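Okay, structure first, notes after.
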Amino acid sequence: MSAILTAALDYAGHDWAVFPARPDRKCSYKSAKYSNGARWGATSDPAEVRRDFTRWPKARIGIPTGVNRIVVIETDTPEGHGIDGASSLAQLEAKHGPLPDTLMACSPSGSLHRYFRRPSPRIKIKTTASVIGDGIDVRGDGGMVIAPPSINLDGRRYCWINKLPIADMPAWLIELTREKPPTISQRAVAGIRTPIEALSKYGAAALRNEIDNIHQAEPGHRNAVLNKAGFSLGQLVAIGLLDEAEVVRLLFEAAAIWNNPNKDADVIRYAMQAGMRHPREVPR
């Protein structure tokens, strides 16, 4: 039995749902449509886990956050991502207090993954990229993480740094990452501007349009098209019309036809961050 299958069964034995993630990008070989609605086809059933990782022996182990009662804080590196997430995190700790020691892993790019216990189900932890600090990604509700001992196509492996128990999120980290309910005035303004049905249609139409543009992009213009799509959709994420994690996933899948996953991931990340800093004014 392979080390990947053994680890996947071990996670499932600890009641974590897992899924077979492709080795070249962060998406699953499975889908919710054919998995009883389970996102990414994640499961903790040992028989299904065994079938999945036997069918796709090169799969990496994907672990959904949020639903598995965990939140993962990722800090990027200058070498792997051109941004110093560790420095940003140090600034937060200097202001709010140190993070508790907890289970940690390291990705092939050098990013550090800190695992925390998800707080009360009444609190939604947002999945974000460089929102609470440059180079700090939060994998909360609706997010996922690749777990050790997964191996990328280039042979580099995810690994555990320690075997510490998973710690609770400190109050300040919960406050920075939780989804805050809109104020009364925000709800009132939103109600005046546009009915929610129209807003949903507007966001969905914009998403479809940008994905179509990616599929039709000509060589030499692909980077510009992907950058425009990320910026435009990031503007809609900022005002709540689209889900950030879902937009990132769909853009990445659309760009996969170009077979340049590392570059595409960086373009999407920074374009969306820029768009989220400039929220769009939605037509009435």
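Considering only the stretch 169-253, give the helices (runs of 4 or more DSSP H) lying wholly within it that have at least 2 residues that are modelled with pLDDT of 85 or more and in the same structural domain as Thr65 (by TED's automatic domain parsing). Those helices (runs of 4 or more DSSP H) span 171-177.
Of the set (1) in contact with a Gly (Cβ under 7 Å, 6 or more places away or on another chain); (2) part of a helix (DSSP H, G or I), all apply to Ser109 but (2). Within the stretch 1-27, restricting attention to residues that are in a loop (DSSP other than H, G, I, E, B) and without any contact (Cβ under 8 Å) to a residue 60 or more places away in the chain, the residue that is nearest to Ala254 (Cα to Cα) is Arg22.
Say whether the condition of being modelled with pLDDT of 95 or more and not basic (Lys, Arg) is met by at least one residue in the stretch 119-131.
Residues of the stretch 119-131 that are modelled with pLDDT of 95 or more, as a first pass: none.
There is no residue in the stretch 119-131 that is modelled with pLDDT of 95 or more and not basic (Lys, Arg).
Might you let me know whether the stretch 6-28 holds any residue that is out of contact with any strand residue (DSSP E or B) (no Cβ under 8 Å at 6 or more places or on another chain) and under 23 Å from Lys126 (Cα atoms)?
Pass one, the stretch 6-28, residues out of contact with any strand residue (DSSP E or B) (no Cβ under 8 Å at 6 or more places or on another chain): 6, 9-10, 13-15, 24-25.
In the following step, the residues that additionally are under 23 Å from Lys126 (Cα atoms) were identified as 15, 25.
The answer is yes, given that some residue of the stretch 6-28 is out of contact with any strand residue (DSSP E or B) (no Cβ under 8 Å at 6 or more places or on another chain) and under 23 Å from Lys126 (Cα atoms).
Cβ separations smaller than 7 Å between residues 6+ apart or across chains give the following pairs from the stretch 87-110 residues that are under 21 Å from Asn162 (Cα atoms) to residues that are charged (D, E, K, R) and in a helix (DSSP H, G or I): Leu99/Glu93; Gly110/Glu79. Looking at this structure, is Arg114 of a type in the set (Lys, Arg) and either within 22 Å of Met272 (Cα to Cα) or not in a loop (DSSP other than H, G, I, E, B) (or both)? For Arg114, the condition - of a type in the set (Lys, Arg) and either within 22 Å of Met272 (Cα to Cα) or not in a loop (DSSP other than H, G, I, E, B) (or both) - is met.
Report whether or not Arg114 is in contact with a Ser or Thr (Cβ under 7 Å, 6 or more places away or on another chain) and more than 19 Å from Asp154 (Cβ to Cβ).
Values: in contact with a Ser or Thr (Cβ under 7 Å, 6 or more places away or on another chain): yes; more than 19 Å from Asp154 (Cβ to Cβ): yes.
Yes: the conditions hold for Arg114.
Kindly indicate whether Leu164 is in the same structural domain as Trp40 (by TED's automatic domain parsing) and either closer than 30 Å to Leu9 by Cβ or loosely packed, with under 14 Cβ neighbours inside 10 Å (or both). Spelling it out, Leu164 is indeed in the same structural domain as Trp40 (by TED's automatic domain parsing) and either closer than 30 Å to Leu9 by Cβ or loosely packed, with under 14 Cβ neighbours inside 10 Å (or both).
Suppose we keep only residues that are of a type outside the set (Gly, Ala, Ser), in contact with a Ser or Thr (Cβ under 7 Å, 6 or more places away or on another chain) and in a loop (DSSP other than H, G, I, E, B) within the stretch 128-152. Which one would you say is surrounded by the fewest Cβ atoms within 10 Å (Cβ to Cβ)? Checked the stretch 128-152; the qualifying residue surrounded by the fewest Cβ atoms within 10 Å (Cβ to Cβ) is Asp134.
With respect to the conditions (1) within 23 Å of Asn162 (Cβ to Cβ); (2) assigned to a helix (DSSP H, G or I), Val71 lacks only one, and its number is (2).
Quick check, is Lys58 touching a Pro at 6+ places or on another chain (Cβ under 6 Å) and either over 22 Å from Ala265 (Cα atoms) or touching a residue at least 12 places away in the same chain (Cβ under 8 Å) (or both)? So Lys58 passes the test.
Does the stretch 254-263 contain any residue that is surrounded by 18 or more Cβ atoms within 10 Å (Cβ to Cβ), out of contact with any Gly (no Cβ under 7 Å at 6 or more places or on another chain), in a helix (DSSP H, G or I) and not hydrophobic (A, V, I, L, M, F, W, C)? It would help to see each step written out before you state the result.
First pass over the stretch 254-263, keeping only residues surrounded by 18 or more Cβ atoms within 10 Å (Cβ to Cβ): 254-255.
From what's left, out of contact with any Gly (no Cβ under 7 Å at 6 or more places or on another chain): 254-255.
Retained after the next criterion (residues that are in a helix (DSSP H, G or I)): 254-255.
Going one step further and asking which of them are not hydrophobic (A, V, I, L, M, F, W, C), we end up with none.
Checking the stretch 254-263: not a single residue is surrounded by 18 or more Cβ atoms within 10 Å (Cβ to Cβ), out of contact with any Gly (no Cβ under 7 Å at 6 or more places or on another chain), in a helix (DSSP H, G or I) and not hydrophobic (A, V, I, L, M, F, W, C).
The values are calculated or read from the model by the stated rules, or taken from the named source; none is laboratory data. This one's a predicted model, so the numbers in the text were calculated from it and none came from an experiment. Note that each Cβ is placed from the backbone with ideal geometry, even for glycine, and that neighbours are counted across all protein chains shown.
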